[in-house]
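> Sharing a structure here in structure tokens format.
What follows draws every value from the coordinates through simple rules; no lab data is involved. Note that the structure is a prediction, hence the values are computed from the model and not measured. Because the Cβ atoms are built from the backbone with ideal geometry, glycine has one as well, and the counts that use them run over all protein chains shown.
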Amino acid sequence: MFKLTKTSTQMCTRNLRTTAGLFQRVPMSKFDPETDVRENLALLQKNVDVVKSRLRRPLTLSEKIVYGHLDEPETADIVRGESYLRLRPDRVAMQDATAQMAMLQFVASGIPRVAVPSTIHCDHLIEAQLGGDLDLNRAKDINSEVYNFLSTAGAKYGAGFWKPGSGIIHQIILENYAYPGIMLIGTDSHTVNGGGLGGVFVGVGGADAVDVMAGIPWELKCPKVIGVHLIGEISAWTSPKDVILRVADILTVKGGTGAIVEYFGPGVNSLSCTGMGTICNMGAEIGATTSIFPYNERMARYLNATERGDIAKIADNYKHLLESDEGAEYDEVIEINLSELKPLINGPSHLIYVLRSPRLEPEPRKRAGQLRLK
């Protein structure tokens, strides 16, 4: 017969606490306590397993996250660059200039609450003219009616509201809402900045945002995947900006159209999380649907630094899901040796210039151009 003692009671209590911790809700952010990253990644894994059983091939990271958000993974037609996918993004973000029409359309729908976590960020209507405080006060005065509408509509329909002066939308998302494996759509082309934290972030129009907020699947043409294999280590003289400028030099301003640019390889680990965000942010300039990096220790450090260590622990358990499968195939592969990369800047007429101190020289294979530094 089992005899209950003080020691056994303490052991049972500890076991119960441990078990409860395993199933404790881990929200996307402290502002969304009702959300659960653990639940989202479990569903992502389930859907990816379904798709892999159908396609019978290794998947890239981009494919895992995109296909893992399919509305009907069991029957969806999946052909890169051809079929159209019906997806279920995890959340929506809107900047104030585009949020106005989006919220008006959502109000007209008659739906009482947004179907997915959504936020409104007041940053784009602040014009830089005289200085931070003066410009902010001027924007509040000129756009008071807009801000009042967005704040009250957000409160009524369940969308978070970041008032003017809170910060730039993309940085707020990276610090508070982004996490590895998420799919987020935003009404700004540089929403793709969030790919630096291992998720699929896509810039869309207001109508697409309204569909998702209304609970309607979002439609996206199945993207191709361009792989960028990074080797070596970034040096003190170069920065993440130079990586994307080299990619832009290779692909040109249209080379990424209809594709997700996926970075991989040992060189990734020499980049900071915010540096990876910079690379993804500028991926919009080559026409890419979005850009993404695999989950790594640099992202875990960033999550811990932004007080989201619990998400990092969950991501560690799903690391196999948050990187490409061995043998995954890309539509195109570019290799960049970070150890050999030189500082780059944009030159006139869209030239790329290499900085060779003490002067700037155009690349030999580029057409001639003049550059003046003042």
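> In the chain, what percentage of the DSSP-assigned beta bridges are antiparallel, given to the nearest 5?
30
> Quick check: Cα centre of segment 112-138 to Cα centre of segment 167-225, how many Å?
About 18 Å separates the Cα centre of segment 112-138 from the one of segment 167-225.
> A further question follows. Quick check: from the Cα gyration tensor, does segment 36-126 come out rounded (a/c under 1.5), prolate or oblate?
In terms of gyration-tensor shape, prolate.
> Of LYS52/LYS221; LYS30/LYS163; LYS221/LYS241; LYS221/LYS319, which pairs sit farther than 23 Å apart, going by alpha carbon to alpha carbon?
LYS221/LYS241; LYS221/LYS319
> How many Å³ per residue does the convex hull of the Cα positions in segment 241-287 occupy?
Considering the Cα atoms of segment 241-287, their hull volume per residue is 67 Å³.
> Now for a separate question. Once amide H atoms are placed 1.01 Å from N in the peptide plane, what residues at a sequence separation of 5 or more from GLY160, or on another chain, have their amide H within under 5 Å of its amide H?
Long-range HN contacts for GLY160: SER118, THR119, ILE120.
> Relative contact order of segment 258-324: what whole-number percent is it, with Cα pairs under 8 angstrom and at least 6 residues apart?
Answer for segment 258-324 is 35 percent.
> If you take the square roots of the eigenvalues of the alpha-carbon gyration tensor of segment 70-173 and sort them as a ≥ b ≥ c, do you get rounded (a/c under 1.5), prolate (a/b over b/c) or oblate?
Because a/c hits 1.5 or more and a/b exceeds b/c, segment 70-173 counts as prolate.
> Here's a follow-up. What percent does the relative contact order of the chain come to when contacts are Cα pairs within less than 8 Å and at least six residues apart?
18
> So if R0 is 22 Å, what FRET efficiency would PHE149 and ILE216 give, r being the distance between their Cβ atoms, rounded to the nearest 0.05?
Numbers: r = 23 Å, r/R0 = 1.06.
Calculated transfer efficiency: 0.40.
> Tally Lys and Arg at +1 and Asp and Glu at -1 over the other residues with C-beta under 14 Å from the C-beta of ASN317: what net charge comes out? List each step's numbers first, then the result.
Numbers: positive: ARG38, LYS313, LYS319; negative: GLU39, ASP310, ASP316, GLU323.
Charge balance near ASN317 sits at -1.
> Against the empirical 2.2 N^0.38 Å scaling, what ratio does the C-alpha Rg of segment 185-298 come to?
Taking the Cα Rg and dividing by 2.2 N^0.38 Å, one obtains 1.08.
> Determine the principal axes of the Cα atoms in segment 136-243, then give the extent along each, sorted from largest to smallest and rounded to whole angstroms.
52, 37, 20
> Can you tell me the length gained on complete extension of the stretch LYS140 to ASP331, counting 0.36 nm per residue apart and subtracting the Cα distance?
Details: separation 191, 0.36 × 191 = 68.76 nm, distance 4.73 nm.
Working it through step by step, the gained length comes to 64.0 nm.
> Counting only other residues whose beta carbon sits under 14 Å from that of ALA139, what net charge do I get with K and R as +1, D and E as -1?
-4
> Something else about it: Taking H as built 1.01 Å from N, whose amide H comes closer than 5 Å to the amide H of GLN95, not counting residues under 5 places away?
It is HIS121, THR187, by chain and number.
> Still on this structure: Pick from GLN95, GLN129, GLN171: which residue has the top mean-square fluctuation in a GNM of the chain where Cα pairs under 10 Å get a spring?
Highest fluctuation among the options: GLN129.
> How large is the Kirkwood hydrodynamic radius of the chain, counting all unique pairs of alpha carbons, in Å?
Hydrodynamic radius (Kirkwood, Cα only) of the chain equals 22.3 Å.
> What value, in deg cm²/dmol to 500, does the helix sum -39500 (n - 2.57) over DSSP H runs of n ≥ 4 give at 222 nm once divided by the residues of the chain?
Computed mean residue ellipticity for the chain: -11500 deg cm²/dmol.
> Test of understanding: in a Gaussian network model of the chain with alpha carbons linked when under 10 Å, which of PRO112, PRO217, PRO343 would top the mean-square fluctuation ranking?
The residue with the greatest mean-square fluctuation here is PRO112.
> Taking every Cα atom in segment 162-213, find the radius of gyration and the maximum pairwise distance Dmax, and write them in Å.
Rg then Dmax for segment 162-213, in Å: 10.9, 29.
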